[in-house]
1. Every residue in the stretch 168-186 that is surrounded by fewer than 22 Cβ atoms within 10 Å (Cβ to Cβ) and within 14 Å of the chain's Cα centre (by Cα), please.
2. Going through the stretch 26-49 one residue at a time, which ones are touching a helix residue (DSSP H, G or I) at 6+ places or on another chain (Cβ under 8 Å), touching a residue at least 12 places away in the same chain (Cβ under 8 Å) and either away from the ligand (no atom under 14 Å from the Cβ) or at positive phi (or both)?
3. Filter the helices (runs of 4 or more DSSP H) completely within the stretch 1-113 down to those with at least 2 residues that are more than 17 Å from residue 183 (Cα to Cα).
4. Might you check whether a residue that is more than 30 Å from residue 68 (Cβ to Cβ), surrounded by fewer than 22 Cβ atoms within 10 Å (Cβ to Cβ) and away from the ligand (no atom under 11 Å from the Cβ) occurs anywhere in the stretch 83-102?
5. Within the stretch 156-164, is even one residue away from the ligand (no atom under 16 Å from the Cβ), at pLDDT 95 or above, loosely packed, with under 12 Cβ neighbours inside 10 Å and on the phi < 0 side of the Ramachandran plot?
6. Conditions first: (1) surrounded by fewer than 17 Cβ atoms within 10 Å (Cβ to Cβ); (2) in contact with a helix residue (DSSP H, G or I) (Cβ under 8 Å, 6 or more places away or on another chain); (3) over 25 Å from residue 118 (Cβ atoms). Residue 59 passes all but one, so which condition is the exception?
7. Look through the stretch 174-208, keep the residues that are within 15 Å of the ligand (Cβ to nearest atom) and part of a helix (DSSP H, G or I), and return whichever of them is nearest to residue 53 (Cα to Cα).
8. Where the second residue is within 13 Å of the ligand (Cβ to nearest atom) and in a helix (DSSP H, G or I) and the first is more than 19 Å from residue 149 (Cα to Cα) and lies in the stretch 102-115, which pairs have Cβ atoms under 8 Å and are six or more apart or on separate chains?
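The values are calculated or read from the model by the stated rules, or taken from the named source; none is laboratory data. None of these values were measured; they are calculated from a predicted model. For neighbour counting, all protein chains shown are included, and Cβ atoms are generated from backbone atoms with ideal geometry for every residue, glycine included.
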Ligand code: E4P
């Protein structure tokens, strides 16, 4: 399973890239706006820093303007993936961009048929939003499970990118269900690294080692 970092913060991205675990980054207008006014500089820096795919979302609304902006984003780097929210009126634009060879990540996907439609068009990634489905009392994990079934059944060459991950269990379940990618916020990666038994185990080993009174293990 690939791990993408769900962040537009360059310091965070640098920190997590150093773990060797991060295959790509997803941004969205909310994450970018939290970084201040210099959006283009932030985007270009992230594209340079990250060896893998970086999703950047269009902010235009009219289909023609979305098409133009998608091409502008795609030109920023070989690893730039254009994120477009699902909407009926964007389907012709999505079809055209796929034909132009632009890598697309269709975002704000909340049901199976939205996913089926864009999978048929040949997009690279589909982003089902788990946490936001949970927020309205639905079960986001069911959508992931259904999308994995759909993808396998028809052999769609699309990557299911589990998004809106709010806690460790979302990431765990997405991995077990066979999502191709999870985009995970830094705080969730940190939480996944922690276990009280790991911490108490390290403490006990340290205490026992110190009883020996030796400085070096290999002396
Ligand atoms: C990533 O592609 C999404 O934009 C992000 O995971 C959304 O997360 P949220 O629902 O917690 O804002």
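1. Of all residues in the stretch 168-186, those surrounded by fewer than 22 Cβ atoms within 10 Å (Cβ to Cβ) come to 168-169, 172-173, 175-178, 180, 185-186.
The answer is 175, 180, 185, 186.
2. Within the stretch 26-49, 35, 42, 43, 45, 49 meet the criteria.
3. On the way: elements: 10-17, 29-33, 39-49, 63-74, 91-99.
Fully inside the stretch 1-113 and qualifying: 39-49, 63-74, 91-99.
4. Residues of the stretch 83-102 that are more than 30 Å from residue 68 (Cβ to Cβ), as a first pass: none.
No: the stretch 83-102 contains no residue that is more than 30 Å from residue 68 (Cβ to Cβ), surrounded by fewer than 22 Cβ atoms within 10 Å (Cβ to Cβ) and away from the ligand (no atom under 11 Å from the Cβ).
5. Within the stretch 156-164, the first condition is being away from the ligand (no atom under 16 Å from the Cβ), and the residues that meet it are 156-157.
Still in the running and at pLDDT 95 or above: 156-157.
From what's left, loosely packed, with under 12 Cβ neighbours inside 10 Å: 157.
After this cut, where a residue has to be on the phi < 0 side of the Ramachandran plot as well, the list is 157.
Yes, the stretch 156-164 has at least one match.
6. Failed condition: (3).
7. First, pick out the residues of the stretch 174-208 that are within 15 Å of the ligand (Cβ to nearest atom): 174, 179-189, 191.
So of that shortlist, the ones also part of a helix (DSSP H, G or I) come out as 174, 186-189, 191.
Values: 174: 20, 186: 17, 187: 21, 188: 20, 189: 19, 191: 24 Å.
The qualifying residue nearest to residue 53 (Cα to Cα) is 186.
8. Sorted first by the residue in the stretch 102-115, then by its partner, the list stays empty.
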